[in-house]
Amino acid sequence: MSLIPKSHPRVKSLLIREKLVNGFDNGLVAKEGLLAQGRGEAFDYLLGEKTGKTAKLAIRATAAQLLLAKMPVISINGNVAALCPKQIIKLSKHVKAKLEVNLFYANEKRKKAIIKTLKNNGAKEILGTNKKSSRRLPGIDSARRIVDKDGIYAADVVVVPLEDGDRTIALRKAGKTVITFDLNPLSRTSQTANITIVDNVTRAIDVLISESKKLSKKNPKYLRKIIDDFDNKKNLTENVIQIKNNLSRRARIA
Ligand code: ATP
């Protein structure tokens, strides 16, 4: 029997890893998705495996931005579908965002598995599934350039959790407001997005849902001020300082 309590962040982190591995076994997650998880785990460890002050600020700005959006869309990949399908759908209902499946490594079988998981978890409409409504996002080569004309193509605000830099840059160039969840504050995605939530998506999503509920009672002027007061670059710098401080603390202990 393990001596570490179930609530310990290390144990939680192992449970998250298990979800990803199950997702891989069930055809949702690509091999490359496992590598992305590994990179995320390393940063999560360095950040202290908890939702810090900076993540909370980014989550609040995200809630405000989603509530003010005319047409918000949440982009879903294999990792997200494996990690937190229920919460993503709950969030989409709260902020009236559409869901679009968009994969870096195009694979119809995997796409179908993701759609099935989303439907099993309560999703009604899932975009990115009809070839006739696909459009190309200029500026990227991968399969991710294909987007839905009624989804990401037309959206004003796009949430891209665990995204790659090329697509984030292309979305910004296309005039979208981009929000991401990314544990690496130094990634191109983190640095390019308008709002970066530097936290594990599995933790941050619940905080985002409750923040969205709270802020849904506020008027547009109040929400706009939250967004205007938020400084993504400053927040990212603080994340890096936090990692540096955690490292020096650990080095002293060692
Ligand atoms: P970029 O192209 O933006 O520089 P990258 O090539 O390093 O990024 P990708 O593999 O394209 O990274 O994207 C995965 C990102 O998601 C990584 O930065 C990783 O730290 C992050 N990540 C992985 N798992 C999680 C998670 N559970 N929650 C939040 N972020 C995560």
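Remark: pairs (first residue in segment 181-210, within 13 Å of V80 (Cβ to Cβ); second residue assigned to a loop (DSSP other than H, G, I, E, B) and hydrophobic (A, V, I, L, M, F, W, C); Cβ separation under 7 Å; 6+ apart in sequence or on different chains) = F181/L162; D182/L162; D182/V198; N200/L183; V201/C84; V201/L162; T202/C84; I205/C84.
When A251 is tested against the conditions (1) touching a residue at least 24 places away in the same chain (Cβ under 8 Å); (2) of a type in the set (G, A, S); (3) farther than 21 Å from M71 by Cβ, the lone failure is (1).
Look at L171 and say whether it is within 16 Å of the chain's Cα centre (by Cα), away from the ligand (no atom under 16 Å from the Cβ) and part of a helix (DSSP H, G or I).
On the way: within 16 Å of the chain's Cα centre (by Cα): yes; away from the ligand (no atom under 16 Å from the Cβ): no; part of a helix (DSSP H, G or I): yes.
It is false that L171 is within 16 Å of the chain's Cα centre (by Cα), away from the ligand (no atom under 16 Å from the Cβ) and part of a helix (DSSP H, G or I).
Check D182, D150, D156, D141 and return the single one that is of a type in the set (D, E, K, R), within 15 Å of the ligand (Cβ to nearest atom) and surrounded by fewer than 20 Cβ atoms within 10 Å (Cβ to Cβ). Sole residue among the options that is of a type in the set (D, E, K, R), within 15 Å of the ligand (Cβ to nearest atom) and surrounded by fewer than 20 Cβ atoms within 10 Å (Cβ to Cβ): D141.
Residues in segment 105-137 that are modelled with pLDDT under 90, in contact with a helix residue (DSSP H, G or I) (Cβ under 7 Å, 6 or more places away or on another chain) and surrounded by fewer than 18 Cβ atoms within 10 Å (Cβ to Cβ): Y105, A106, T129, R136. Condition first: within 17 Å of the chain's Cα centre (by Cα) and away from the ligand (no atom under 16 Å from the Cβ). Can you find one or more residues in segment 37-60 that meet it? Within segment 37-60, one or more residues are within 17 Å of the chain's Cα centre (by Cα) and away from the ligand (no atom under 16 Å from the Cβ).
The values are calculated or read from the model by the stated rules, or taken from the named source; none is laboratory data. Computed from a predicted model, the values in this text were never measured in an experiment. A quick note on method: Cβ atoms are made from the backbone with ideal geometry, for glycine too, and the neighbour counts reach across all protein chains shown.
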